[in-house]
Every structure is written in C-alpha cells, then in structure tokens.
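Have a look at the structure below before the remarks.
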Amino acid sequence: LGITDFKDMQVISAHVCKLLGITESLWSRSIADPLRDSIGLFLEKKSRTGEQADNLTYQEFLDSHEIIASDSDGSVPN
C-alpha cells in the first residue's frame, strides 16, 4: 500500500475494525470480565505468523474452542 505515516495506519486500522465489528482489547482488561467476541479472538489468533495460523479457519477455531459464533450484537447467525 505504500503507507508509512503511523497516524494513517491507525486511521485505516480503526476503519477496518469498525467494518469487521470488532473492538480493541484494553490492556487494563480484567480476567474477571466476560470473554471477548469470537471474531476478535479468532483474528488475534490469525495475527500470528506461521503455517498453523495460516491454515486455521474460523470454523476450526470455533470447534477447537467450543465457541458459538455470534454477531456483534450477540445474536447467533443462521
């Protein structure tokens, strides 16, 4: 993309998160808080490098973590 300005990268990242309906996890997040949404957890897992992360599908992630997929509003998609 040729983008080198960090501020531009932050703006693009914020827009992508908004489009995907995910929220940024806070560093001050308590372990007592409920789990984050499944898509956010999946994307965090996919952000790693390597063959295992590259080959991981969303369905495999859900199956391995016994997570029920839900939309950003908490409803389960059809």
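The values are calculated or read from the model by the stated rules, or taken from the named source; none is laboratory data. Being a predicted model, the structure only gives us computed values, none of them experimental. Glycine also receives a Cβ, built like all others from the backbone with ideal geometry; neighbour counts cover every protein chain displayed.
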Discussion item. For region 1-23, which positions are at pLDDT below 85, part of a loop (DSSP other than H, G, I, E, B) and either among the aliphatic types (A, V, I, L, M) or surrounded by fewer than 10 Cβ atoms within 10 Å (Cβ to Cβ) (or both)?
Written reply: Leu1, Ile22
Worksheet item: Checking Trp27 against (1) at pLDDT 80 or above; (2) aromatic (Phe, Trp, Tyr); (3) surrounded by fewer than 10 Cβ atoms within 10 Å (Cβ to Cβ), which single condition isn't satisfied?
Response: (1)
Worksheet item: In the set Ala14, Ala53, which member is over 20 Å from His65 (Cα atoms) and either of a type outside the set (Val, Ile, Thr) or free of Cβ contacts under 8 Å to residues at least 40 places away in the same chain (or both)?
Response: Ala14
Discussion item. One residue is enough: does region 42-49 have a residue meeting the conditions modelled with pLDDT under 90, touching a Gly at 6+ places or on another chain (Cβ under 9 Å), of a type in the set (S, T, N, Q) and on the phi < 0 side of the Ramachandran plot?
Written reply: no
Worksheet item: Got a number for residues in region 30-62 being exposed (fewer than 10 other Cβ atoms within 10 Å of the Cβ) and in a loop (DSSP other than H, G, I, E, B)?
Response: 9
